[in-house]
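What follows is one structure encoded as structure tokens, with my remarks underneath.
Bear in mind that the values in this text are calculations on the coordinates, not laboratory data. None of the values given here were measured: they were computed from a predicted structure. Backbone-built Cβ (ideal geometry, glycine too); neighbour counts: all protein chains shown.
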Amino acid sequence: MLPHLRNLGALGACLTAAVALTAPLPASAAPAQDDETFTLFAREVAGQGEETEGEQQAPDIGDSFAFADDLYQTKGGEKVGRDGVTCTVVRLGNPGDLLCVGTFVVPGGHIAGQALLPLQETEGTPTFDIAITGGTGDYEAARGSIHSTDAGGDYQKLEFLVHTD
């Protein structure tokens with residue numbers, strides 16, 4: 001879930017967060033019975049029809065965008081999965097907010113997450129937390145959080161804390 005803020009074209013801001021896996025995780029990242037922690041690195045993939053630099057319109061309530069990331073075990077290392085995130089402008093003014101929702105497909109099930117993030121352009125990449133709101137399969141009762149920070153270059157560091165009891 002998963003969606004750093006970056007230039008968004010019509011919305012003027014963008015979020016990169018989170019993760020979804022399609023390949024098995026290393027033993028250190030495999031789901032546990034109770035609490036599980038693991039770190040993954042996300043890098044946004046280019047989408048079709050992305051807007052180019054140019055004149056930008058101010059965002060409006062209901063404006064939305066979607067993005068996807070490839071997921072890596074280490075920064076620049078082996079690709080182990082992907083994610084999908086959508087963000088919608090839910091509040092304008094000061095503060096303005098984006099509601100972002102993502103699904104992370106991991107071995108054994110899915111993990112769902114969401115975050116309310118500021119709608120503003122910032123220098124650098126902000127740090128934020130994504131709430132784990134549920135899941136399926138091995139993650140049916142999942143809750144917890146994903147802490148997202150800049151990992152340098154095109155990568156976000158995603159630190160998962162998943163409670164499954």
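If amide hydrogens are placed 1.01 Å from N in the peptide plane, which non-local residues have theirs closer than 5 Å to the one on D97?
V90, R91, L92, L119
Rounded to the nearest 0.05, what FRET efficiency is calculated for D150 and A58 with R0 set to 30 Å and r the Cβ-Cβ distance? Spell out each step's value before the answer.
Working: r = 26 Å, r/R0 = 0.87.
For R0 = 30 Å, the calculated efficiency reads 0.70.
In region 136-163, which residues have a backbone nitrogen under 16 Å from the label point lying 7 Å from D35's Cα in the Cα-to-Cβ direction?
Label zone hits: 142-147, 159-163.
For region 51-105, what is the Kirkwood estimate of the hydrodynamic radius, computed as the reciprocal of the mean inverse distance between distinct Cα atoms, to one decimal in Å? Show your work: numbers first, answer last.
On the way: mean 1/r = 0.0742 Å⁻¹.
Taking every pair of different Cα atoms in region 51-105, averaging 1/r and inverting gives 13.5 Å.
For region 55-132, build the charge dipole from Cβ charges (+1 Lys, Arg; -1 Asp, Glu) around the Cα centre, then report which of V89, G109, A66 sits farthest towards its positive end.
Highest projection toward the positive end goes to G109.
If the chain between L99 and A66 were fully stretched, how many nm would it gain, using 0.36 nm times the residue separation less the Cα-Cα distance?
Numbers: separation 33, 0.36 × 33 = 11.88 nm, distance 1.16 nm.
Here the segment from L99 to A66 would lengthen by 10.7 nm.
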